[in-house]
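Have a look at the structure below, then the notes.
The values are calculated or read from the model by the stated rules, or taken from the named source; none is laboratory data. Note that the structure is a prediction, hence the values are computed from the model and not measured. We place every Cβ from the backbone using ideal geometry, glycine too, and count neighbours over all the protein chains shown.
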Amino acid sequence: MAAKFLKHKWQKVTVYTLLTVAVLIIAGALILNSYLKPMLQDKLRSSIRESSDSLYIADFKEAEISLLRGKITIDSATLRVDTAAYKAKKRAGTAPNNLYSLKVKQITLAGVKALKFYFSKKIDVGRIILIEPEIDMSYEANNTEDKPSTDKRTIWQRISKSLNSIRVGEIVLDNLKFRHIDYAHKRPLLTEINEVNLHAADLLIDSVTQGDTSRFFYCKDVTTEIKNYSGKTPDALYLYDINSIKLSTRSKQLCIQGIKLKPFNNLLFFNKTRSDRFTISLDSVQLNRFDFMTFYKYRSFSAEGIKISDGTISIYKAPNKISTPAKENIKTFPHVALRNLDFGLRIDTVTLKKVNLVYTEYNKKSGQTGSLTFSKTSGKLLNITNNKRALQKNNLCNISLTSYFMNRGRLDVKFTLNLTDKDAAFSYRGSLGPMELSGINRGVAPIAMVKVTSGNLKRLDFSIDANRYRAKGQVKLLYNDLKIGILKRDEDDGKLKKKGLMSILANHLVIERNNPDEPGKAPRSANINFIRPVNYAFFKLVWKTLFAGIKECAGVSDMDEKKANSKLSEKDLEKQKKAKEKKKKKD
């Protein structure tokens, strides 16, 4: 068949011509490959050094080039810091805060337009895949803002002598191993992540994009996903676990799913620290308009909004915490703590949606714990910042929350924090809606050793202005049919039981059963002027001020309490005398 096909002269000429062209193309490709390999290595090294202002050195072991398939394979590629250049920049005050080193088993470049590179000095690649990439990153606070460099040229201007442009359609790094060391703390903080997927789209460096601030490192979008991220806090007290973290530089959105923080060991926790114990479980946290570049460069945190949805935040008060009456505790005020942060923070709005807040305390007298719950807490926190420029425009942080106290009464509260006041001024106003007062027993009884046996809350209103020295304002508590029981711990079974005599005295001598006393009569209200003990934390000041007002609305005065305690003591002494007399008679 072949012989018949080649019997005509024109057929033979055609076949030989095609074979000759094919041989020439293959031979040319092989020759060009051998020419391009050292050229590629030189260009890679020079481009990296030029674009990084001599800070980084790139290298690789072997490169395989296939012009016909438009594919380049590079083995054992590395990127490392030129320590001499870094030290020189540090002396000049222009050293970056972040440094990198990269090690890759293999890099595959597909869709390479080699002729475009050869004739037009343009690098054009369809896709780059990095196999088994490992990135080491370190952070050291050399600068807090961008400083003018001696070389004011852009990256494109630095490489323009040897290249006209660089374009890569897509860069893929899957199963990236990432190691980060933060030297901004007293002890270097090490973080290691093994499951990172990173995709960069449309990298373009040319005369047009050199000033495009919408691109992140000249990429239209960089998406990062971290799965199953877990570890231990630096103090080794907590374990954390996160299902996934996703970041898009184009949308400036950071989404965190499945956040869990729990003590490493519940039983031994308070043996190791005198701090309160936290447990956190949140379905999702979403940051919108997150300024990743500012965070990346200077660890300054800025976002337009944060949404925290569905979950529980629990606080267990440390039972072994030592209270020093003379020690100032103003650092617990949220706006003072915000002011004292060692990093910049600016968040326009934090939105809470259906988050449960639980406060638990152990009472040594009762031998039991009580928990106060604020269920389905939703609301907004506005202007959370320590940024000086932002504070000049607005120095107030406003917080509006709606919750359900003990999963019953609706609580609406508004806090206003003065972020710049030297005396840490703040105010809080709100109301608690109708509920059966016996609903607070499971939380309050073990802590306060008091049980509500009957009573209905109609409404609690409060309006307080406070600072580090005092709290002043008004409290109004409307209720009816209030009765309480004073509790004691039974030494035999450890259960809480009612003190009959003391409960009777409290109900008859101390508290008023209703407010108002009669229908149509003006209700009692309390004008509070509470002097803050210097060791009172923020929320203790808030609660104690409210409690002082609640007691006054319930008709309780210091004199009434002393009177009841005095009568109780007399009765107890009388009972003890009678018991001793009975014992003597028996003997």
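At a glance:
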| quantity | calculated |
| --- | --- |
| Condition broken by Y469, with the remaining ones in (1) surrounded by 15 or more Cβ atoms within 10 Å (Cβ to Cβ); (2) over 24 Å from G370 (Cβ atoms) satisfied | (1) |
| Subset of segment 105-127 [of a type in the set (V, I, T) and either without any contact (Cβ under 8 Å) to a residue 24 or more places away in the chain or closer than 23 Å to S162 by Cβ (or both)] | I107, V112, I123, V125 |
| Positions within segment 186-231 being without any contact (Cβ under 8 Å) to a residue 24 or more places away in the chain, closer than 19 Å to K297 by Cα and under 21 Å from the mean Cα position of the chain (by Cα), in sequence order | P188, L190 |
| Selected residue [over 25 Å from R524 (Cα atoms) and at pLDDT 90 or above] from K422, K488 | K422 |
| Members of segment 252-262 found to be over 14 Å from M293 (Cβ atoms) and either in contact (Cβ under 8 Å) with a residue 40 or more places away in the chain or not in a strand (DSSP E or B) (or both), listed by number | I259 |
| Check on V336, closer than 22 Å to L261 by Cα and β-branched (V, I, T) | no |
| Residues located in segment 89-114, provided they are modelled with pLDDT of 85 or more, surrounded by 15 or more Cβ atoms within 10 Å (Cβ to Cβ) and more than 31 Å from the chain's Cα centre (by Cα) | K89, V104, Q106, I107, T108, L109, A110, G111 |
| Entirely in segment 362-447, the strands (runs of 3 or more DSSP E) that have 3 or more residues that are in contact (Cβ under 8 Å) with a residue 60 or more places away in the chain and closer than 19 Å to W543 by Cβ | 368-385 |
| E518, sole failed condition from (1) in a loop (DSSP other than H, G, I, E, B); (2) closer than 17 Å to P446 by Cβ; (3) modelled with pLDDT of 85 or more | (2) |
| Some residue of segment 452-465 being among the β-branched types (V, I, T) and over 28 Å from Y536 (Cβ atoms) | yes |
| Subset of segment 298-326 that is among the basic types (K, R) and under 21 Å from L372 (Cα atoms) - its residue that is surrounded by the fewest Cβ atoms within 10 Å (Cβ to Cβ) | K321 |
| Residues within segment 510-542 that are among the aromatic types (F, W, Y) and loosely packed, with under 15 Cβ neighbours inside 10 Å, tallied | 1 |
| Looking only at segment 270-297, and only at residues there that are among the basic types (K, R) and surrounded by fewer than 17 Cβ atoms within 10 Å (Cβ to Cβ), the one that is farthest from N363 (Cα to Cα) | R289 |
| Out of T294, T279, T312, sole residue that is at pLDDT below 90 and out of contact with any His (no Cβ under 6 Å at 6 or more places or on another chain) | T294 |
| Residue among K90, K116, K105 that is over 16 Å from Y56 (Cβ atoms), assigned to a helix (DSSP H, G or I) and of a type outside the set (A, V, I, L, M, F, W, C) | K116 |
